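The structure appears right after this line, and notes come after that.
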Amino acid sequence: MIEVLDLHKAFGKVKAVDGVSFRANDGQITGLLGPNGAGKTTSLRMLYTLLRPDRGQVLVDGVDAAKDPEAVRRRLGVLPDSRGLYKRLSSRENIRYFGRLHGIDDATIAARTQSLVDALDMGDIIDRRTEGFSQGQRVKTAIARALVHDPRNVILDEPTNGLDVMATRAMRRFLHQLRDEGRCVLFSSHIMQEVAALCDRIVIIAHGRVVAEGTADELRAQTGETNLEDAFVKAIGTEEGLMA
Ligand SMILES: Nc1ncnc2c1ncn2[C@@H]1O[C@H](COP(=O)(O)OP(=O)(O)OP(=O)(O)O)[C@@H](O)[C@H]1O
């Protein structure tokens, strides 16, 4: 479970995150939805301990990220916004390298890699050098690398960015599988159709603040709209930046 309480982060005069609080539960997919520049990536970076908040608290399975960042990192699998693969290494070697950084033995890494290769349909790319990989192949490798240590909590920054329809559908199936295994899945997107199709709960963020949250039904009720798209627009206060 992931909890963030009153997070703040400013870059000079820009208040990127201005008092964000929400909870992402185990066995659920939670979507962080907001237009470009809303503060999604900055919130996630604080969550996975890459950025230190100016104020506020991050708890992962009850562990405070400021007090024990190592323990928090062990509990998280992260697909960051920049995928950053080692291009001279094969997909398998990228995954193994991360597994070793986590202190996992090679036999366990090999077994875990195989199950991720099956789940993500990576059989044809696993032993290719990642240099020249397509966007979808890079994302798959980066996700497998993020999950090699079998984390309970999974954070994905815009996981379907740049993916075609088939790859997006495969990604949705995979995220449902993670959810059905009881993991806490938190992902960000600026595409409302994506969030609506995938999420159990939605947290809408705009101008560094949470402006609405709940299930799709709850959001419709809160905004008094019958159509989810209208509910999103009303919550954000503008149509700008919400469309795919
Ligand atoms: N390192 C930084 N230095 C200066 N400003 C930053 C930095 N990181 C983020 N910002 C600013 O903070 C605000 C929030 O950015 P953030 O990347 O968190 O938004 P986002 O919701 O992830 O947007 P997108 O959908 O475009 O990725 C933006 O105004 C951005 O320009």
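Screening the candidates V203, V165, V185 for the property of being β-branched (V, I, T) and surrounded by fewer than 19 Cβ atoms within 10 Å (Cβ to Cβ) yields one hit, V165.
Taking segment 28-45 as the range and being within 21 Å of A216 (Cα to Cα) and either more than 6 Å from the ligand (Cβ to nearest atom) or among the β-branched types (V, I, T) (or both) as the test, the residues that pass are Q28, I29, T30, G31, L32, L33, P35. Here segment 66-88 is the region considered, the condition is being among the small types (G, A, S) and over 17 Å from the mean Cα position of the chain (by Cα), and the residue that is nearest to G19 (Cα to Cα) is A66.
Residues to consider are G84, G103, G132; find the one that is modelled with pLDDT under 95, under 29 Å from G39 (Cα atoms) and among the small types (G, A, S). Within the list G84, G103, G132, the selection yields G84.
The residues of segment 92-149 that are touching a strand residue (DSSP E or B) at 6+ places or on another chain (Cβ under 9 Å) and of a type in the set (A, V, I, L, M), listed by number, are I125, I126, V139, A142, I143, A146, L147, V148.
G136 satisfies every condition listed in (1) on the phi > 0 side of the Ramachandran plot; (2) part of a helix (DSSP H, G or I) except (1).
Annotation note: of Q193, Q222, Q177, the sole residue that is within 16 Å of the ligand (Cβ to nearest atom) and in a helix (DSSP H, G or I) is Q193. Could you tell me whether D118 is without any contact (Cβ under 8 Å) to a residue 40 or more places away in the chain and either hydrophobic (A, V, I, L, M, F, W, C) or not in a helix (DSSP H, G or I) (or both)? Here the answer is no, as D118 does not meet what is asked.
Each row is one residue, and each column tells you yes or no for (1) within 16 Å of the ligand (Cβ to nearest atom); (2) under 26 Å from P151 (Cα atoms); (3) modelled with pLDDT under 95.
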| site | (1), (2), (3) |
| --- | --- |
| V4 | yes, yes, no |
| N25 | no, yes, no |
| L50 | yes, yes, yes |
| D54 | yes, no, no |
| V60 | no, yes, no |
| E70 | no, yes, yes |
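Residues in segment 196-208 that are touching a Gly at 6+ places or on another chain (Cβ under 6 Å) and over 11 Å from G31 (Cβ atoms) were compared, and the one that is farthest from the ligand (Cβ to nearest atom) is A206.
The selection criterion, being at pLDDT 90 or above and more than 30 Å from R74 (Cβ to Cβ), does not hold for E239. Annotation: of all residues in segment 135-147 being over 12 Å from S91 (Cα atoms) and at pLDDT 90 or above, the one that is farthest from the ligand (Cβ to nearest atom) is L147. Residues that are polar (S, T, N, Q) number at least 1 in the following helices (runs of 4 or more DSSP H) confined to segment 21-105: 40-47, 91-101. The residue of segment 148-162 that is farthest from the chain's Cα centre (by Cα), among those that are assigned to a loop (DSSP other than H, G, I, E, B) and within 16 Å of the ligand (Cβ to nearest atom), is G162.
The values are calculated or read from the model by the stated rules, or taken from the named source; none is laboratory data. Remember, it's a predicted structure, so these values are computed and weren't measured experimentally. Neighbour counts run over all protein chains shown; Cβ positions are idealised from the backbone, glycine included.
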